[in-house]
Amino acid sequence: MPAQYPRELFAELSACLREGRLPPEPVRRWWLDSVKAHANEFPLEQALGLTGAKAQRARDAALREAAEILAPGEKPRAQARRLAQYLDYFELTVLPRYRSNPARRLEGWKLALFRAFDSGRKVPRDVKHLAGILAEKCPSQPPKM
């Protein structure tokens, strides 16, 4: 079964090119979609779906900021539940309005969520995943086991 994640797809494409064989259909489709996205002015790393750790750290920091504004002083799990309640509203209501009129000013949790969505990384919706991000106060340290 072919890989599903961009890094795996890229590794499979590289292996096929090295070995002189035709990549499987899902890999070719991913590559074609990536090239089209890059031709439409997406940065190459983003078009390939290979946005790195820097983008993830930016997204996570923005999510922590939004959570602290929405549920100040709460434990990560409570903040994650509150944050999850606002994510769909933001993405479906606030973000389209802002993108249609960038002169609007975003502040507070809306600005923080804009930065999270604008990071190039997928914004998680799962409370458990969000709580894990929010509990990680210093992203350079590995999570405690």
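Overview of results
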quantity: MRE, 222 nm, helices only [DSSP H, n ≥ 4, -39500 (n - 2.57), over the chain, to nearest 500]; calculated: -19000 deg cm²/dmol
quantity: Note, ³J(HN,Hα) from phi for segment 78-88, Karplus 6.51, -1.76, 1.60, rounded to Hz, x at Gly and Pro; calculated: 5, 4, 5, 4, 5, 4, 4, 5, 8, 4, 5
quantity: For segment 6-18, 3J(HN,Hα) per residue [Karplus equation, 6.51 cos²θ - 1.76 cosθ + 1.60, θ = phi - 60°, Hz, x = Gly/Pro]; calculated: x, 5, 5, 4, 5, 4, 5, 4, 4, 5, 4, 5, 4
quantity: Acute angle (nearest 10 degrees) that the helix 108-117 long axis makes with the longest principal axis of the chain, alpha-carbon atoms; calculated: 10 degrees
quantity: Integer Hz, Karplus 6.51/-1.76/1.60 couplings in order for segment 66-73, x for Gly and Pro; calculated: 4, 5, 5, 6, 6, 9, x, x
quantity: The chain: relative contact order as a whole-number percent, Cα under 8 Å and 6+ apart; calculated: 25 percent
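Taken together, the values in this text are just the output of simple stated rules run on the coordinates, not laboratory data. Predicted model, so just to flag it, every value in this text is computed and none were measured.
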